[in-house]
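Worksheet for the structure shown next.
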Amino acid sequence: MLEIPCPWCGPRDESEFAYGGEAHLNRPDPETASDREWAAYLYYRDNKAGVHAERWHHTHGCRRWFNAVRDTVTYRFHSVYTMDDEQPAEIDQ
C-alpha cells in the first residue's frame, strides 16, 4: 500500500487521495493562443519514467490540493509542497 505525505495532515493511505495530473502547466492566453497551443495544453502531457511533479487532492482528509514530486518508476515520493510554493529544483525537466 502506498503512503502519501499530505503537507497538512502528514502521511496517509493512498485511498484518501485523488490524482490530479501533471503539475505546473501554464494555461495559454485565450486571446492569443492558437488551436495547436490549446490542444497541447488540454491533451498532451509528459509521460516520462522517473521524477515527475504532479498534483494530488486529499479527498478524504483535509480536502486540499498540493503538489508532489514522485518517481513514477519506484512510486517513491521525494517531496510534497503547497500550490503556492515554487517547483523544487530536484525535478529534471
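Just so you know, all these numbers are worked out from the coordinates, no wet-lab data involved. In this text the structure is predicted, and so the values were computed from the model without any measurement. Cβ atoms come from the backbone with ideal geometry, glycine included; neighbour counts cover every protein chain shown.
Fully extended, how many nm does the chain gain between K48 and A18 (0.36 nm per residue separation, minus their Cα-Cα distance)?
8.8 nm
On full extension of the chain, what length is gained from Y81 through L25, given 0.36 nm per residue of separation minus the C-alpha to C-alpha distance?
That works out to 18.6 nm of additional length.
Looking at region 27-93, which chymotrypsin sites (Phe, Trp or Tyr not before Pro) are DSSP coil and have at most 15 other C-beta atoms within 10 Å of their C-beta? Before the final figure, lay out the partial values.
Working: sites: W38, Y41, Y43, Y44, W56, W65, F66, Y75, F77, Y81; in loops: Y44, Y75.
Filter output for region 27-93: Y44, Y75.
Can you give the longest stretch of the chain with no exposed loop site, where a site means GluC sites (Glu not before Pro) in a DSSP loop (not H, G, I, E or B) with at most 14 other C-beta atoms within 10 Å?
The reported range is 32-85.
Please report Rg (one decimal) and Dmax (integer) in Å for the Cα set of the chain.
Cα-based Rg and Dmax for the chain come out at 14.5, 45 Å.
Calculated from DSSP H runs of 4 or more alone, at -39500 (n - 2.57) each and per residue, what is the 222 nm mean residue ellipticity of the chain, nearest 500?
That comes out to -2500 deg cm²/dmol.
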